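The values are calculated or read from the model by the stated rules, or taken from the named source; none is laboratory data. Here the structure is a predicted model, which means the values were calculated and not measured. Here the Cβ positions follow ideal geometry from the backbone for every residue, glycine too, while neighbour counts run over all protein chains shown.
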């Protein structure tokens with residue numbers, strides 16, 4: 001199928017005809033109010049007014065606000081309705097919750113999902129799952145068993161509610177923004193505090209309005225929308241911002257498509273992303289037997305925004321994120337011929353019913369290229385049941401797909417590692433070095449449509465080059481709802497702890513003055529995968545002494561040894577970094593394990609939001625360079641001193657003088673913390689501070 005220069009599908013092509021027929025059906029059913037190519041309003045919503053109205057964040061945060069003011073850059077505290085955890089990070093979160101001594105969770109709903117560490121190649125993961133099941137039963141938490149699905153897919157389907165607040169122990173928690181829920185990722189200790197009835201503290205963000213106008217055409221899909229957003233915003237420099245989606249194209253984007261877009265806002269480093277709760281959301285909740293939970297939630301016509309971006313959906317083409325960053329985006333037609341070894345479809349970004357029905361439609365009657373290893377992981381048991389019932393699963397199997405378990409699987413390096421030096425094309429959200437569990441592999445991120453085209457040809461391929469008609473997918477009027485694998489608590493279970501589970505380490509109060517050595521100096525865009533690798537060692541996440549042995553394994557192999565040597569000398573360790581330190585996953589282990597090794601300060605140009613909060617929660621002081629020359633002057637092994645650091649924290653100092661004893665120089669670093677955060681760091685972390693803010 002050829003595309004016109006303006007990006008619209010050829011009206012005479014099978015793809016163009018089917019899309020228009022489908023949209024006309026939505027119009028007749030009352031799901032949409034106008035056809036995009038006939039409505040003069042299609043381009044009217046290309047800017048946002050700054051009046052006295054309210055945007056979605058002002059409405060939801062305003063109804064949950066307990067402390068602070070809704071002024072960008074100010075710290076606020078809000079009440080939390082839902083929490084979610086998963087098995088990769090949840091064990092530590094519940095160990096921390098237990099340490100608080102609170103008898104039961106105090107949220108409206110808390111769910112513990114098992115979806116990441118599904119491989120049972122030893123006792124560690126099964127033991128963790130048994131612990132999670134028993135602690136959920138005791139403390140009043142729903143438990144989603146292994147095989148029920150990925151936490152974000154299941155939560156959107158079964159629990160997410162417009163206008164409510166969700167805080168989850170995973171950076172892709174904003175997926176629930178697809179139904180108008182304020183949903184944010186956070187570290188496990190923040191989740192534990194929220195479960196105990198504590199407020200969730202955050203910096204009130206600037207709000208970026210992204211208008212999605214027109215309608216997707218040709219073979220572009222929702223994944224290409226968010227790749228375009230990442231192409232424009234990049235993965236750094238967006239701390240303190242949140243995205244609100246609007247525009248005339250929203251009625252044509254299903255909830256699963258919105259989920260894909262909201263999900264990968266995490267890669268841009270924004271606080272969260274949200275869509276309005278409109279009739280599309282109502283229809284989706286109705287099909288999930290939850291229509292009674294729907295409320296309309298839209299921004300006011302004169303709502304204020306700090307920035308406005310307009311994206312013409314009809315101009316988008318299939319895109320690909322090249323290694324090793326989600327913002328390294330090109331159009332597939334510009335990528336050149338790249339032979340691939342592996343294609344994987346799934347992850348929380350692209351494993352919905354809509355996605356797999358498109359995949360099945362493209363594969364029906366065709367075979368995967370013989371040189372390609374091809375796997376598909378449905379996002380949930382509901383998705384798997386639906387495609388099994390309508391025959392689509394058979395189309396996938398007959399084409400040569402390996403059907404993987406309904407879980408995160410390959411996305412976090414838990415299985416399906418490519419061969420040495422392999423080229424893997426995936427529909428997941430991250431392609432950092434080592435993310436695949438094969439260090440020298442190259443990972444490309446694409447839409448399900450592009451993934452299928454690539455699997456059929458054996459090389460990176462624009463699906464429009466196949467000459468196929470775009471599969472017609474009708475969202476079901478009713479999904480196969482079955483919550484039997486979500487176990488309700490009885491309050492009777494005794495906690496079961498395997499030998500891999502230890503108590504969460506607790507830091508000591510900040511010393512009056514700090515003496516330290518630089519244990520590592522790294523560059524820009526260091527991710528939490530760089531700090532605490534995944535893959536086969538994920539099973540040690542509940543065993544901090546063991547997992548800490550792998551900190552900076554692939555970046556600075558001597559880091560752990562240096563930290564241990566510094567401890568023996570009676571000095572702390574310091575991490576020095578460039579821009580956007582700590583981007584990516586919310587894993588608090590990237591702060592917890594360095595703390596265990598004796599790190600007391602991180603000095604960086606900028607630090608990403610969730611990681612900043614995690615550093616504070618574990619008593620590590622986050623400092624930011626004000627001069628590039630200071631970063632350039634400092635070296636690994638340099639001996640540093642911060643005089644009267646405890647007193648300066650108590651006084652509310654905005655800068656700290658760091659003496660480089662080795663170089664004979666002094667650096668002035670920014671200390672941008674609130675009074676609450678300073679008190680947490682001074683006491684050695686949130687666990688030492690928590691009982692002052694939560695009454696047991």
Of the candidates 446, 518, 425, 522, the one satisfying the condition of being in contact with a strand residue (DSSP E or B) (Cβ under 6 Å, 6 or more places away or on another chain) and either within 30 Å of residue 602 (Cα to Cα) or in the same structural domain as residue 659 (by TED's automatic domain parsing) (or both) is 518
Look at residue 206 and say whether it is more than 27 Å from residue 54 (Cβ to Cβ) and either out of contact with any helix residue (DSSP H, G or I) (no Cβ under 7 Å at 6 or more places or on another chain) or surrounded by 23 or more Cβ atoms within 10 Å (Cβ to Cβ) (or both).
no
Is it true that some residue in the range 555-568 is surrounded by fewer than 18 Cβ atoms within 10 Å (Cβ to Cβ), without any contact (Cβ under 8 Å) to a residue 60 or more places away in the chain, closer than 29 Å to residue 100 by Cβ and under 29 Å from the mean Cα position of the chain (by Cα)?
no
Can you list the strands (runs of 3 or more DSSP E) found entirely within the range 61-169 that contain at least 3 residues being modelled with pLDDT of 95 or more and under 25 Å from residue 544 (Cα atoms)?
82-86, 109-113
Spot the failing condition for residue 463; the list is (1) surrounded by 18 or more Cβ atoms within 10 Å (Cβ to Cβ); (2) more than 30 Å from residue 103 (Cα to Cα); (3) modelled with pLDDT of 95 or more; (4) touching a strand residue (DSSP E or B) at 6+ places or on another chain (Cβ under 8 Å), and only one is missed.
(4)
Does the range 394-408 contain at least one residue that is in contact (Cβ under 8 Å) with a residue 40 or more places away in the chain, more than 20 Å from the chain's Cα centre (by Cα) and closer than 21 Å to residue 222 by Cβ?
yes
Is at least one residue of the range 445-454 surrounded by fewer than 23 Cβ atoms within 10 Å (Cβ to Cβ) and not in a strand (DSSP E or B)?
no
Which one of 187, 218 is in contact with a strand residue (DSSP E or B) (Cβ under 7 Å, 6 or more places away or on another chain) and surrounded by 24 or more Cβ atoms within 10 Å (Cβ to Cβ)?
218
Kindly indicate whether any position in the range 554-568 is closer than 28 Å to residue 241 by Cβ and either assigned to a strand (DSSP E or B) or out of contact with any strand residue (DSSP E or B) (no Cβ under 8 Å at 6 or more places or on another chain) (or both).
no
Residue satisfying condition, being buried (at least 24 other Cβ atoms within 10 Å of the Cβ) and under 20 Å from residue 583 (Cα atoms), within set 162, 174
174
Test: residue in the range 229-242 that is free of Cβ contacts under 8 Å to residues at least 60 places away in the same chain, in a loop (DSSP other than H, G, I, E, B) and on the phi < 0 side of the Ramachandran plot:
yes
Does the range 616-662 hold any residues that are assigned to a loop (DSSP other than H, G, I, E, B), surrounded by fewer than 18 Cβ atoms within 10 Å (Cβ to Cβ) and in contact (Cβ under 8 Å) with a residue 40 or more places away in the chain, and which are they?
626, 627, 635, 636, 637, 643, 644
When you go through 307, 381, 366 one by one, which is the residue that is in contact (Cβ under 8 Å) with a residue 40 or more places away in the chain and closer than 29 Å to residue 527 by Cβ?
307
Taking the conditions exactly as written (out of contact with any helix residue (DSSP H, G or I) (no Cβ under 8 Å at 6 or more places or on another chain), without any contact (Cβ under 8 Å) to a residue 40 or more places away in the chain and outside the structural domain of residue 585 (by TED's automatic domain parsing)), does residue 334 satisfy them or not?
yes
Within the range 195-206, identify whether any single residue is over 19 Å from the mean Cα position of the chain (by Cα) and either without any contact (Cβ under 8 Å) to a residue 24 or more places away in the chain or part of a helix (DSSP H, G or I) (or both), and answer yes or no.
yes
